[in-house]
Number of protein chains: 4
Amino acid sequence: MIFTSDNAAGIAPELLAAIAKASEGAAPAYGADPWSERVEALVRELFEAPEARVFLVATGTAANALALASLCPPWSAIYGHERSHIERDECGAPEFYSGAKLTLIGGDQARISPEGLRARIRIGTSGGVHQVGNGALSISQATELGSLYSLEDLRTLTTIAHEAGMGVHMDGTRFANALARTGASPAEMSWRAGADILCLGATKNGAMAAEAVILFDPARAEEFERRRKRGGHLFSKMRFVAAQMEAWLTDGLWLRLASHANGMAERLAEGLRARGVPVLNELGANILFAEITYGLHRRLTAAGARYYIEPPSQSETGPEHAPLTIRLVCSHETTEAEVDALLRAFGGG
Amino acid sequence: MIFTSDNAAGIAPELLAAIAKASEGAAPAYGADPWSERVEALVRELFEAPEARVFLVATGTAANALALASLCPPWSAIYGHERSHIERDECGAPEFYSGAKLTLIGGDQARISPEGLRARIRIGTSGGVHQVGNGALSISQATELGSLYSLEDLRTLTTIAHEAGMGVHMDGTRFANALARTGASPAEMSWRAGADILCLGATKNGAMAAEAVILFDPARAEEFERRRKRGGHLFSKMRFVAAQMEAWLTDGLWLRLASHANGMAERLAEGLRARGVPVLNELGANILFAEITYGLHRRLTAAGARYYIEPPSQSETGPEHAPLTIRLVCSHETTEAEVDALLRAFGGG
Amino acid sequence: MIFTSDNAAGIAPELLAAIAKASEGAAPAYGADPWSERVEALVRELFEAPEARVFLVATGTAANALALASLCPPWSAIYGHERSHIERDECGAPEFYSGAKLTLIGGDQARISPEGLRARIRIGTSGGVHQVGNGALSISQATELGSLYSLEDLRTLTTIAHEAGMGVHMDGTRFANALARTGASPAEMSWRAGADILCLGATKNGAMAAEAVILFDPARAEEFERRRKRGGHLFSKMRFVAAQMEAWLTDGLWLRLASHANGMAERLAEGLRARGVPVLNELGANILFAEITYGLHRRLTAAGARYYIEPPSQSETGPEHAPLTIRLVCSHETTEAEVDALLRAFGGG
Amino acid sequence: MIFTSDNAAGIAPELLAAIAKASEGAAPAYGADPWSERVEALVRELFEAPEARVFLVATGTAANALALASLCPPWSAIYGHERSHIERDECGAPEFYSGAKLTLIGGDQARISPEGLRARIRIGTSGGVHQVGNGALSISQATELGSLYSLEDLRTLTTIAHEAGMGVHMDGTRFANALARTGASPAEMSWRAGADILCLGATKNGAMAAEAVILFDPARAEEFERRRKRGGHLFSKMRFVAAQMEAWLTDGLWLRLASHANGMAERLAEGLRARGVPVLNELGANILFAEITYGLHRRLTAAGARYYIEPPSQSETGPEHAPLTIRLVCSHETTEAEVDALLRAFGGG
């Protein structure tokens, strides 16, 4: 009953097979291999973006940090949500790579509010050289709380950003989950909605370690390549990252894996609601936040359930009936049996 | 009627004379001069800190940024107030020099609230390597809103910081004003209240360009010196910065200049209150915030009054009776006549 | 006939199997998995270093840059050879991570000369704050030219470094090849010879992407972990990097793979010498430099041989009989048949 | 008998008077003052560059580091001479500000050789993303050894740089001395000779602390201003830096001061040659290198002469007749009497 994170799961069999197959024989290093070339072609086709450039890295933190560094100068602000991954979980990597200042905006369900964004842009504009300027907007789709922006939400925010002269970064660690949930096309949810760079994550959805940074504006490619190398993120045997990404994007596997994870989260949510356990978030992807008591927490843990309390700054122990917020994440490997076992551990039902 | 800032003022005559006198004859460069030596001795005596090391720079931004860089590693958080100078007015210099992440805390009158600090420290502690750790606490005395921390306030905050393993930086751009207002001793308001590094500013209080960074722990000196040089802040003709600082600290001049500026702000505040103009801040130093109407603003400007609207992200124009917040700053050069002229421009009284 | 680099080879079957096996079931993320634990235990045993801490990353550039950053402050010099990988092939990553200044030293066969090192240390010592101080020494074993330092050479250099207060980084991208060539023990060639941090590379010797950074002084561990995360080099599914490293280090596989690659390079060298082709370097590992004519180069290329000219700043075309230096690298996958085919393409023999 | 450096001298009376005069009354801060405006106008006129933008800072290190940062991205190389100030005397400031890699080139008399530059550019071009690209060329006029580039030398180097897509930085710490020596016009020796940014130093030639960074391409201005603030180099009371620069540039004072210093160095050189003391450098400015014995060094020191041994990595003591290289610098304040006193201390004559 492992619901800690979708990165606790293994590698999807199709990707494992692709790695093994790619290992047959020699191949050019550093991305000059046929797998990398095919991945770029695949992404261009799937995203209806024939000019896009695609660069692979192996962690989401590297993808986000490098993308942001390519969008804004060191003397500028990156506007992101208070509960974004770039703020909470990357140990300052976006600032390290970009030199820019992560500036936080609030908003319901981890979604940036347009008013909040406009207010911060006014501050960035009015301060002259005394204040960092408007640099880039960073949006997560799905968000860290598992919610989604509507396509209209996205366009509203990206229009504000573009009008202020900023580029838009989309953290798409769970972009496939968002697509699977909404049925939107990849293009609709990315560049047509105003994203300039999309970090498309496969690692949390079946890969071993593979993230595609999609530059919809090819003019940013040269800078990005230099930054990637300089950050130590250019793999010599890049074909093995590319082979994962190719298999993942082929024949809709990415969406099937995401759809499965989403479905397991829905099954869990329904079961929890049926047991009267409050589900706190909109279910946009494969992540679920629930409010339980410390007493139940102890019983779940004793029964072998694994998950995180969120935020981790909550006290880890508390009185029997005191409320505690927990996060439950389903993956491409989560089974109905596991979900049902967890629900039984919650009791009732 | 210049009330824009205390940095619109000139050089106090004593400091100008000291610069001229220091120019007679050759002297060793880069701080190996007798003026620099005497400044260190003076600071040690005035602050009752015989081991302290004192380094001079020429801007407050350099002082703050270098001090913070010496207190914490790049993978940590600097906790500061939302309305602090390091956040609002230094274009990311603290982050540039330290590599650390400026993390904001709220609190009334630009004073960091102990609860807010504790809450952020819990987040910094709970995140493991995924989050920047607890790095340093930055306190401004006086604050950017012209208010003061009591000595007890300071001890409460610095104790929290020290218990979390953090060093404490005090931005003392207007430290002399705070001393003059409260009568506390330099030692009481700095290291005895828990400050590890004090950036003691003279520029806004009579100097041409002179700031002393006081390291109460001499072990930080070597790193600081290297950082200063590497930042381009080691003056070759350092004697001229030192000569200003020496004159400023001699025979209580620093406190007399500050006391004058504070007194002018009080006179102004009394006059405004007498005219029914709301003064918004506690008067801890030489800065005053007032709420006026846009109509009055236009009349004051037409009459030759100069000041900033604050925050500058407010709209610069508005309806006759709509409220506008303005900032008025007095300096060591402000005269009673100027204050009274401004009050007359406000009308009434 | 691919002799471009050992990173053109695939994954050794044992490592591929280990990745597949590690994918069975869920596991804790970010290195809190049993594979990572076992790798640390294995390294400690093999290197007779029970206190060492071991951190995994996926590229050699990341390993080197993070290791160097942990050894020296930003205002210091990293002393390395003019033809080292950190100077020539990492696009400034060591400087990006450390902030330090890569300062070059000459010496035969890409080995740092003790005299050169001493001379640079004198400069670093004499400059006061005007010059970067002595930061760290970086040694490659084997070197970029495929040569080796003797154990005595290493001790001489590391003693000079330690006496100047510097830590020692060993770039061990081809450390296994050096061990296999000399029969020295891992401990003898690393910490007993004065290395403080060893970057032990598996990627060029059978792995998909796996490098172990071995900190012989565990006090550096906390900083290293933070830097790794902040650089985006902490894998969520770390078990797959660890599984490669575990398989590689188990039952001497690393040395067998290295020994094979070394043997192929020897076979090639013998064949070249027999054909009168000058081999330019000492054969310490699996790399060979040869001098050929542009005419021969064209015939080899036409015959399907692949290799790099070195340095790449040489003209890529030239007169029939003009000399050209080329680099030939054998890998764990190179076969006798391939070597013999290449030799036939050279003609004669 | 102070011949250590031109920065051991005081402030020229005209500049001191300008500071005092500028202190009368209030003025806008941060460079929005009339002095700053007049300086820009003066520079534009003197340099026949009506579009140039001029920014003031207070140290040469800040000027050079900020200028270089504005010319090249972090993943590139700055080409400079092995004995340049940016390499030897700025503790890594150029790298800190730019993120770029200082890459050294040799050449006689501290002048970069065109062949050396071309060779490095070939390396920068051939390495792809594995190597830092060609970033910027940095030339010192006069050089650190007191020699000069001819206008033709300058054009040769800057043409090579421009053809490789690089901008050109000119370190003009002693640019006035070079003008005074050669009679070239400011335009001829700067932008007409291919410089894109000139750091024009007044500090070593009569100022207290004033350096003008002249951007011949105004498009770089916005970035420069942000970088200056972010580095802590924007003075609040900027008028006092500007007032120095204005006085210095007015009525040819800068050239008169430089001419005096140059003349004193010539007088000293003639005296030394007459005494058989070898003068090692071309006399392009106010710096002179001489070879003496350790015995003479001890006698000169005992007689009160002050100067530096150069390079400082030379042993500070040695046998009576062993040779030692020393550096002697004359300033705007050096008198004939001082020069003659020093010559007498040399004996003979």
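Condition check for C:Gly263 on (1) small (Gly, Ala, Ser); (2) open to solvent by 20 Å² or more (accessible area, probe 1.4 Å); (3) outside any helix (DSSP H, G or I): one failure, at (3).
Taken residue by residue, region D:273-281 has at least one member that is within 17 Å of the chain's Cα centre (by Cα) and open to solvent by 10 Å² or more (accessible area, probe 1.4 Å).
Could you list, in sequence order, the residues of region B:279-301 that are closer than 15 Å to B:Leu343 by Cβ and either out of contact with any strand residue (DSSP E or B) (no Cβ under 9 Å at 6 or more places or on another chain) or not in a helix (DSSP H, G or I) (or both)?
So the first thing to find is which residues in region B:279-301 are closer than 15 Å to B:Leu343 by Cβ, and the list is B:279, B:288, B:290, B:292, B:296, B:299-300.
Passing the criteria: B:Val279, B:Leu288, B:Ala290, B:Ile292, B:Arg299.
Scanning region D:307-315 for residues that are open to solvent by 40 Å² or more (accessible area, probe 1.4 Å), more than 30 Å from D:Met166 (Cα to Cα) and among the β-branched types (Val, Ile, Thr) turns up nothing. In the condition set (1) touching an Asp or Glu at 6+ places or on another chain (Cβ under 6 Å); (2) touching a residue at least 60 places away in the same chain (Cβ under 8 Å), C:Ile287 is compliant with all but (1).
Under the condition of being more than 7 Å from chain D (Cβ to nearest Cβ) and open to solvent by less than 40 Å² (accessible area, probe 1.4 Å), which residue from region B:3-18 is nearest to B:Phe346 (Cα to Cα)?
B:Phe3
Scanning for something touching a helix residue (DSSP H, G or I) at 6+ places or on another chain (Cβ under 7 Å), polar (S, T, N, Q) and within 26 Å of C:Ile105 (Cβ to Cβ), does region D:147-168 turn up at least one residue? For region D:147-168, residues touching a helix residue (DSSP H, G or I) at 6+ places or on another chain (Cβ under 7 Å), polar (S, T, N, Q) and within 26 Å of C:Ile105 (Cβ to Cβ): absent. Scanning region B:171-196 for residues that are surrounded by fewer than 24 Cβ atoms within 10 Å (Cβ to Cβ), in a loop (DSSP other than H, G, I, E, B) and among the hydroxyl-bearing types (Ser, Thr, Tyr) yields a single hit, B:Ser185.
For region C:308-343, the set of residues classified as charged (D, E, K, R) and within 14 Å of another protein chain (Cβ to nearest Cβ) consists of C:Glu310, C:Glu316, C:Arg327, C:Glu333, C:Glu338, listed by residue number.
Determine whether region C:23-36 contains at least one residue that is out of contact with any Lys or Arg (no Cβ under 6 Å at 6 or more places or on another chain), facing chain A (nearest Cβ under 7 Å), surrounded by fewer than 23 Cβ atoms within 10 Å (Cβ to Cβ) and acidic (Asp, Glu). It would help to see each step written out before you state the result.
At the first step, the residues of region C:23-36 found to be out of contact with any Lys or Arg (no Cβ under 6 Å at 6 or more places or on another chain) are C:23-26, C:28-32, C:34, C:36.
With the extra rule that they be facing chain A (nearest Cβ under 7 Å), the set shrinks to C:23-26, C:28-29.
Filter once more, keeping what is surrounded by fewer than 23 Cβ atoms within 10 Å (Cβ to Cβ): C:23-26, C:28-29.
Cutting the leftovers down to acidic (Asp, Glu) gives us C:24.
Yes, there is a match, as at least one residue in region C:23-36 is out of contact with any Lys or Arg (no Cβ under 6 Å at 6 or more places or on another chain), facing chain A (nearest Cβ under 7 Å), surrounded by fewer than 23 Cβ atoms within 10 Å (Cβ to Cβ) and acidic (Asp, Glu).
Tell me yes or no: at least one residue of region A:152-162 is more than 20 Å from C:Ser236 (Cα to Cα), of a type in the set (Lys, Arg) and within 14 Å of chain B (Cβ to nearest Cβ).
No, the conditions are met nowhere in region A:152-162.
Annotation: B:Lys237 fulfils all but one of (1) open to solvent by less than 10 Å² (accessible area, probe 1.4 Å); (2) assigned to a loop (DSSP other than H, G, I, E, B); (3) within 20 Å of B:Ser140 (Cβ to Cβ); the unmet one is (3). Among the conditions (1) on the phi > 0 side of the Ramachandran plot; (2) at pLDDT 95 or above; (3) surrounded by fewer than 21 Cβ atoms within 10 Å (Cβ to Cβ), the only one that A:Gly128 does not satisfy is (2).
Provide a single number: the residues in region D:48-82 that are under 23 Å from D:Pro186 (Cβ atoms), without any contact (Cβ under 8 Å) to a residue 60 or more places away in the chain and surrounded by fewer than 24 Cβ atoms within 10 Å (Cβ to Cβ). Matching residues across region D:48-82 total 1.
Condition check ((1) open to solvent by less than 30 Å² (accessible area, probe 1.4 Å); (2) within 12 Å of chain D (Cβ to nearest Cβ); (3) on the phi < 0 side of the Ramachandran plot) across all residues:
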position	(1), (2), (3)
B:Leu198	yes, no, yes
B:Gly201	yes, yes, yes
B:Asn205	yes, yes, yes
B:Ala210	yes, yes, yes
B:Ala219	no, no, yes
B:Glu222	no, no, yes
B:Glu225	no, yes, yes
B:Lys229	yes, yes, yes
B:His233	yes, yes, yes
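Residues in region C:150-170 that are crowded, with 24+ Cβ neighbours inside 10 Å and either charged (D, E, K, R) or in a loop (DSSP other than H, G, I, E, B) (or both): C:Met166 alone. Just one of the numbered conditions (1) open to solvent by 10 Å² or more (accessible area, probe 1.4 Å); (2) closer than 28 Å to D:Val339 by Cβ is not true of D:Leu249: (1). Within the set D:Ala303, D:Ala322, D:Ala337, the sole residue that is exposed (fewer than 15 other Cβ atoms within 10 Å of the Cβ) and in contact (Cβ under 8 Å) with a residue 60 or more places away in the chain turns out to be D:Ala303. What about C:Leu117, is it modelled with pLDDT of 95 or more, outside any strand (DSSP E or B) and within 14 Å of another protein chain (Cβ to nearest Cβ)? Spelling it out, C:Leu117 is indeed modelled with pLDDT of 95 or more, outside any strand (DSSP E or B) and within 14 Å of another protein chain (Cβ to nearest Cβ). The set of residues in region B:288-329 that are touching a Gly at 6+ places or on another chain (Cβ under 8 Å) and either of a type in the set (Asp, Glu) or closer than 24 Å to B:Arg256 by Cα (or both) comprises B:Leu288, B:Phe289, B:Glu320.
The values are calculated or read from the model by the stated rules, or taken from the named source; none is laboratory data. Predicted model, so just to flag it, every value in this text is computed and none were measured. When we count neighbours, we look across all protein chains shown, and the Cβ atoms used for this are built from the backbone with ideal geometry, even at glycine. All accessible areas refer to the heavy atoms of the entire protein, side chains included, with ligands and DNA or RNA removed. Shrake-Rupley method; radii C 1.70, N 1.55, O 1.52, S 1.80 Å.
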